[in-house]
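A quick write-up on the structure given underneath.
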Number of protein chains: 2
Amino acid sequence: MLYHVQIKVMPLKDLLDPQGKAVLGGLHNLGLESVQDVRVGKHITLDIEANDANSAKAIAEEAGKKLLANPVMEFFEIELIN
Amino acid sequence: MLYHVQIKVMPLKDLLDPQGKAVLGGLHNLGLESVQDVRVGKHITLDIEANDANSAKAIAEEAGKKLLANPVMEFFEIELIN
């Protein structure tokens, strides 16, 4: 069966996020002063052929660890859609 | 009140996603052959000071339209966390 898995990769909470800071500045310049903080990460969707949901999640977990997230700077969360 | 809003910005479904194709190749090289497709977008979290949830969502919507997503190539979805 084909499973759709979302992986959210975000900068670690304790680290500065220069891209987020740049977006925050841009939003303030556009007049959106009520935005107080911005963090920018990656959103990745995987279509995985697997026998069951747990196998699909395990494959996504492995993809996150081996390729998608850099654990020095980022953490990731997995969510199964179907 | 401070609202946390997530914005997911993804390449339009009908468009090629070269970054996703590159990640797919990388995952296959790592032996994760069961991954059939990958799409890569942005995941942005905004902290927004607003009077109510609807105002916070409206500000996030404006941020998405004016700065965060390029409507020629991307669509975005907003989700309120708290």
(message) Every residue in the stretch A:11-61 that is closer than 22 Å to residue A:73 by Cα and assigned to a loop (DSSP other than H, G, I, E, B), please.
(response) A:12, A:13, A:14, A:15, A:16, A:17
(message) Can you pull out every residue in the stretch A:1-23 that is of a type in the set (A, V, I, L, M) and open to solvent by less than 20 Å² (accessible area, probe 1.4 Å)?
(response) A:5, A:7, A:9, A:10
(message) Taking the criterion of being in contact (Cβ under 8 Å) with a residue 24 or more places away in the chain and touching a strand residue (DSSP E or B) at 6+ places or on another chain (Cβ under 9 Å), would at least one residue in the stretch A:23-39 satisfy it?
(response) yes
(request) Pick out the one residue from A:30, A:67 that is open to solvent by 50 Å² or more (accessible area, probe 1.4 Å), over 30 Å from residue B:62 (Cα atoms) and facing chain B (nearest Cβ under 7 Å). (result) A:67
(request) Mind listing whichever residues of the stretch A:42-58 are surrounded by 18 or more Cβ atoms within 10 Å (Cβ to Cβ) and in contact with a helix residue (DSSP H, G or I) (Cβ under 9 Å, 6 or more places away or on another chain)? (result) A:42, A:44, A:45, A:46, A:48, A:50
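The values are calculated or read from the model by the stated rules, or taken from the named source; none is laboratory data. Since the structure is predicted, the reported quantities are computational estimates derived from the model, not experimental observations. Every residue, glycine as well, gets a Cβ built from its backbone with ideal geometry; the counts of neighbours run over all protein chains shown. Areas reflect the complete protein model, heavy atoms only, side chains present, ligands, DNA and RNA absent. Shrake-Rupley method; radii C 1.70, N 1.55, O 1.52, S 1.80 Å.
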